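The values are calculated or read from the model by the stated rules, or taken from the named source; none is laboratory data. Just so it is clear, the model here is predicted, and its values are computed rather than measured. Cβ atoms come from the backbone with ideal geometry, glycine included; neighbour counts cover every protein chain shown.
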Amino acid sequence: LLLVEDDQMLAAGIKQGLATAGYMVDIVESAEAALDAMTSDSFDAAIIDIGLPQMTGLELTERMRQRGQTMPVLMLTARDALQDRVQGLDAGADDYMVKPFDLPELLARLRALLRRSQAATTSVLTLGPLSIDTAARQVLVNDQNLDVGPREWTVLQYLMLHAPKPVSKEKLLQS
Ligand code: CA
């Protein structure tokens with residue numbers, strides 16, 4: 001993960017929390033440094049503070065999107081200002097959090113972002129011991145191939161795409 005935050009204390013705290021949850025985190029303190037980091041390394045997601053020195057988090061996100069950078073962006077805003085949140089999403093952020101925030105919520109939002117981007121870029125969906133390859137139409141349980149019929153496949157795929165949310169019987173029948 002790339003964390004773009006000029007408040008060193010806060011950045012260190014967030015990094016520690018993310019590291020405890022198993023993420024590898026690089027911290028940069030400016031938008032310029034973030035753009036540099038993105039050209040030499042690839043990241044699964046970026047957490048970007050809106051209030052950065054010189055180039056703001058908004059401009060950074062806009063630049064990234066203009067460059068075709070599609071990684072999920074979680075924006076941190078200091079104020080509970082509607083304008084900031086609207087501008088953040090318009091600039092290309094996928095989600096935002098208002099400071100101060102609780103770490104468990106940051107982790108949950110991050111997991112959701114990563115899950116969505118993973119589903120969009122790979123054809124393999126994984127849930128515990130179960131994984132399905134939507135391109136190859138293959139189902140694996142603990143890496144063992146499992147034969148499923150066409151109807152079972154359709155149901156399984158629909159459930160996997162929506163996991164961990166429950167799916168109503170009506171929705172399932174409709175699909
Ligand atoms: Ca800041």
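Within the range 134-150, work out how many residues are in contact with a strand residue (DSSP E or B) (Cβ under 6 Å, 6 or more places away or on another chain) and surrounded by 15 or more Cβ atoms within 10 Å (Cβ to Cβ). Going through the range 134-150 one residue at a time, the tally reaches 3. Taking the criterion of being at pLDDT 90 or above, under 18 Å from residue 27 (Cα atoms) and not in a loop (DSSP other than H, G, I, E, B), the residues of the range 63-84 that qualify are 64, 73, 74, 75, 76. Taking the criterion of being at pLDDT below 95 and either loosely packed, with under 15 Cβ neighbours inside 10 Å or not hydroxyl-bearing (Ser, Thr, Tyr) (or both), the residues of the range 19-35 that qualify are 19, 20, 21, 22, 24.
Among the residues of the range 37-62, which ones are under 19 Å from residue 86 (Cβ atoms) and either part of a helix (DSSP H, G or I) or more than 14 Å from the ligand (Cβ to nearest atom) (or both)? If the condition is that a residue be under 19 Å from residue 86 (Cβ atoms) and either part of a helix (DSSP H, G or I) or more than 14 Å from the ligand (Cβ to nearest atom) (or both), then 57, 58, 59, 60, 61, 62 are the ones that fit.
The rows are residues; the columns are (1) free of Cβ contacts under 8 Å to residues at least 40 places away in the same chain; (2) closer than 24 Å to residue 111 by Cα; (3) in a strand (DSSP E or B).
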site	(1), (2), (3)
125	yes, yes, yes
136	yes, no, no
140	yes, yes, yes
157	yes, yes, no
167	yes, yes, no
173	yes, no, no
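Scanning the range 41-56 for residues that are closer than 21 Å to residue 24 by Cα and at pLDDT 95 or above turns up 45, 46, 47, 48, 49.
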